[in-house]
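All remarks here apply to the structure that follows.
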Amino acid sequence: MATKKFNVSGATGTFNTITAGNAVAGNPVYMGSDVARASNLSALCVLLAETNTLTLTVKWQVSNDNTTFYDCAFSIGNAAATVVGTGTAGADAAVTKVFEAPQAVYGWKYARVAFVVGVATGAAADTYTYGYSYVLGDI
């Protein structure tokens, strides 16, 4: 019987002082045989961009040594990640979305989400929360 795992290896933080073009890496998930067989890893992400013009994107990364991580393309056409949230001059609402891991992650030992800051430098009011979900065992 399959066991569902929710909000595994998650974290909360801010984009304070993270400059445009840089990323905040999430905690990695070990892609043991249970996760690989299930082929259903996803990340629930809550992103809040309060800084005016700040953009936030989500990407998946993989590694075999838990040290050097590589970006995964979102499709065969190597499409770029799309902006999830953009800060405006007023109060902004958090964006909550689930991001399914691309099929490529199942061939690696570790996978994680990373949040890329764009256009402006992040501040303490710009925040993230995430957690991974998957099913253990055969589906």
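The values are calculated or read from the model by the stated rules, or taken from the named source; none is laboratory data. Keep in mind that this is a model prediction, so the values were computed, not measured. Heads up, the Cβs are rebuilt from the backbone with ideal geometry, glycines too, and the neighbour counts pull from every protein chain shown.
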Inset, instruction - Might you check whether a residue that is surrounded by 15 or more Cβ atoms within 10 Å (Cβ to Cβ), modelled with pLDDT of 90 or more, hydrophobic (A, V, I, L, M, F, W, C) and touching a Leu at 6+ places or on another chain (Cβ under 6 Å) occurs anywhere in segment 25-37? - result: no
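Rundown of residues vs (1) over 13 Å from CYS45 (Cα atoms); (2) free of Cβ contacts under 8 Å to residues at least 24 places away in the same chain; (3) more than 16 Å from the chain's Cα centre (by Cα), yes/no style:
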{"position": "THR82", "(1), (2), (3)": "yes, no, no"}
{"position": "ASP92", "(1), (2), (3)": "yes, no, yes"}
{"position": "TRP108", "(1), (2), (3)": "yes, no, yes"}
{"position": "ARG112", "(1), (2), (3)": "no, no, no"}
{"position": "VAL117", "(1), (2), (3)": "yes, no, no"}
Legend entry - Number of the exception - GLY10 against (1) within 12 Å of the chain's Cα centre (by Cα); (2) modelled with pLDDT of 90 or more; (3) not in a loop (DSSP other than H, G, I, E, B): (2)
